[in-house]
Amino acid sequence: MSSLAVHHAPSAAGAAGKARSRPPLRRRIALVPTLTLLLGALYCLLPVAWVVIASTKSGRELFTTFTFLPGTGFADNLRDLNAYRDGVYWQWMGNSALYAGLGALLSTCVSAFSGYALAMYRFRGRETMFNILLAGVLMPPIILAVPQYLLLAKAGLTDSYWSVLLPQILSPYGVYLARIYAAAAVPGDVVEAGRMDGASEWRIFTRIALPMMIPGLVTVFLFQFVAVWNNFLLPYIMLSDDEKFPITLGLFTLLEQGANTPALYTLVITGAFLAVIPLVALFLVVQRFWSLDLLSGAVKS
């Protein structure tokens, strides 16, 4: 009996040692995705950090030193940017706010109607229409820009605010996301109960389905706002009057002039830094709204 105990004791000790060695190995493996995410975040945030720091430097500091230490010319850069062509930069910012805000709002409304209809109604050609929308998601915008220009030129709308707004209203990805979210968030039994109570389809959509779809529609609005705010190709093709330029196209013209006037580079960098602030503010507001909506949904459930 004692010999058996002697023979089994080393094996038990070895098993205990292996058990103690497993958690550290698992921790090391678990660190791989964390380090990958950190490297990805560093890769994405490093240019933003450089823009923020470079916007504080004067022209002399920008071209003579390359450090991540703040400069002393931020106030002068803001003053020069504000004085450039009587403050045309702020007009570009206002144009971008108009294009992105109104365009994203209209696109979200169209996506809500279309996504709800595709998710809740059964009609001939529904799947074909949805597959066409998926093809639109995969199509690069550069392919559509020239046909859109030709169509709007025929209608006499080029070089106008409508030439940038109208192509942004229909977002295939927004319709796709709204349909997926409506199918998941709006129970069919609730819709049928509303119909049995005598509610109209419009009332069911506005009073029952739409509140349930709000988190998905907020996501559609955010994506479309960012896409329109950062859009460069469509305004570049459609617009010739620089007073109607969005911020992306306005900064591009400043960058082109900077080849002959290097002092304008500081204005471009400062303008790029200011152009990021509305997107960051919008994301923070929307993130707070998502949290509140999820909490309210949990309370209701």
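Suppose the filter is surrounded by fewer than 18 Cβ atoms within 10 Å (Cβ to Cβ) and not acidic (Asp, Glu); does residue 82 pass it?
Yes, satisfied.
Can you tell me which residue within the stretch 74-105, out of those that are among the hydrophobic types (A, V, I, L, M, F, W, C) and more than 18 Å from residue 235 (Cα to Cα), is modelled with the lowest pLDDT?
The extreme case among them is 74.
Determine whether residue 166 is hydrophobic (A, V, I, L, M, F, W, C), surrounded by fewer than 15 Cβ atoms within 10 Å (Cβ to Cβ) and assigned to a helix (DSSP H, G or I).
So residue 166 fails the test.
For (1) in contact with a Lys or Arg (Cβ under 6 Å, 6 or more places away or on another chain); (2) loosely packed, with under 14 Cβ neighbours inside 10 Å; (3) assigned to a helix (DSSP H, G or I), each residue gets a yes or a no:
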position: 99; (1), (2), (3): no, no, yes
position: 108; (1), (2), (3): no, no, yes
position: 123; (1), (2), (3): no, yes, no
position: 136; (1), (2), (3): no, no, yes
position: 142; (1), (2), (3): no, yes, yes
position: 146; (1), (2), (3): no, yes, yes
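What helices (runs of 4 or more DSSP H), lying completely within the stretch 171-285, carry at least 2 residues that are among the aromatic types (Phe, Trp, Tyr), touching a residue at least 12 places away in the same chain (Cβ under 8 Å) and open to solvent by 50 Å² or more (accessible area, probe 1.4 Å)? Break it down into steps so the answer makes sense when it comes.
Values: elements: 172-185, 188-196, 210-229, 233-238, 247-257.
Hits in the stretch 171-285: 172-185, 210-229.
Among (1) touching a residue at least 40 places away in the same chain (Cβ under 8 Å); (2) part of a helix (DSSP H, G or I), there is one condition residue 47 misses while meeting the rest; what is its number?
Of the numbered conditions (1) touching a residue at least 40 places away in the same chain (Cβ under 8 Å); (2) part of a helix (DSSP H, G or I), the odd one out for residue 47 is (1).
The values are calculated or read from the model by the stated rules, or taken from the named source; none is laboratory data. Just so it is clear, the model here is predicted, and its values are computed rather than measured. Positions of Cβ are generated from backbone atoms using ideal geometry, with glycine treated the same way; all protein chains shown enter the neighbour counts. For accessibility, only protein heavy atoms count, side chains too; no ligands or nucleic acids. Shrake-Rupley method; radii C 1.70, N 1.55, O 1.52, S 1.80 Å.
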